[in-house]
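Data first, discussion second: the structure below is written as structure tokens.
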Amino acid sequence: MFVTIEKIKPTKGVESCVKLKSIGLASAITLVSAMTFVSPSFAADAPEWKQKRGDIPVVVTLTDVVPASKSEGKTGGPIYVSIQTRKDYSSMKGFGGVIKAAEAGVMTATHHVDTPGEYAVSIWHDRDDDGRFSMTDSYEVLDSWGASGTPPTDTKTTFDDVKISVPNMGTNVTINMVNPN
């Protein structure tokens with residue numbers, strides 16, 4: 001699944017909200033899971049299902065991060081991290097967060113889950129900061145992406161392809177970003 005940002009009607013006490021909406025793709029790369037994130041500025045007022053938090057750390061290290069070229073007048077966009085159980089995989093639910101600014105090379109961020117078990121970690125770097133998973137008309141990917149496990153590049157990614165085990169003391173996962181040519 002790929003994602004786009006969609007403005008949604010705010011709930012009581014919330015001034016604004018952004019929801020990531022999944023869209024289908026007729027391409028071989030169907031990895032980036034649908035994700036919903038809540039801005040920390042209004043997380044306390046968000047609906048309970050959007051507040052999934054936990055105490056078990058998942059340290060995500062991203063390699064080959066390539067921000068947009070500032071010399072071309074682009075500032076680049078955020079990196080979205082989705083950590084999902086099998087049940088929530090490719091849905092609008094899960095754990096994770098947003099890394100607001102990409103740095104070239106290697107980046108590390110810690111996110112938390114609530115119980116030990118199997119999870120899939122999906123990454124989407126909105127390099128052009130347009131709020132959607134960008135592709136050309138011929139489905140050439142323009143944004144960066146990555147996943148835990150071993151995501152296939154020639155077929156749809158399944159939970160079993162990208163699952164990792166998270167014990168009760170947490171885990172570290174390294175994800176090699178796939179960048180556009």
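The values are calculated or read from the model by the stated rules, or taken from the named source; none is laboratory data. Predicted, not measured: the structure shown is a model, and the values here were computed from it. Neighbour counts are summed over all protein chains in view; Cβ atoms, including those assigned to glycine, are modelled from backbone coordinates with ideal geometry. Quick note on the areas: whole protein, heavy atoms, side chains included, nothing else; ligands and nucleic acids left out. Shrake-Rupley method; radii C 1.70, N 1.55, O 1.52, S 1.80 Å.
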Mind checking whether some residue in the range 126-135 is under 23 Å from GLY170 (Cα atoms) and not basic (Lys, Arg)? no
Quick check: anything in the range 72-88 part of a loop (DSSP other than H, G, I, E, B), within 20 Å of ILE175 (Cα to Cα) and under 13 Å from the mean Cα position of the chain (by Cα)? yes
Selection over the range 116-173 where residues are open to solvent by 30 Å² or more (accessible area, probe 1.4 Å), over 23 Å from PRO57 (Cα atoms) and either part of a loop (DSSP other than H, G, I, E, B) or not aliphatic (A, V, I, L, M) (or both) yields a count of 16
Residues in the range 89-115 that are part of a loop (DSSP other than H, G, I, E, B) and closer than 15 Å to SER144 by Cα: how many? 5
Within the range 50-71, restricting attention to residues that are modelled with pLDDT under 85 and open to solvent by less than 50 Å² (accessible area, probe 1.4 Å), which residue is farthest from ASN168 (Cα to Cα)? SER69
Those residues that are in contact with a Lys or Arg (Cβ under 7 Å, 6 or more places away or on another chain) and in contact (Cβ under 8 Å) with a residue 60 or more places away in the chain, I need them from the range 131-154; list them, please. SER144
Can you pull out the residues in the range 116-129 that are over 10 Å from the mean Cα position of the chain (by Cα) and within 17 Å of SER148 (Cβ to Cβ)? PRO116, GLY117, GLU118, TYR119, ALA120
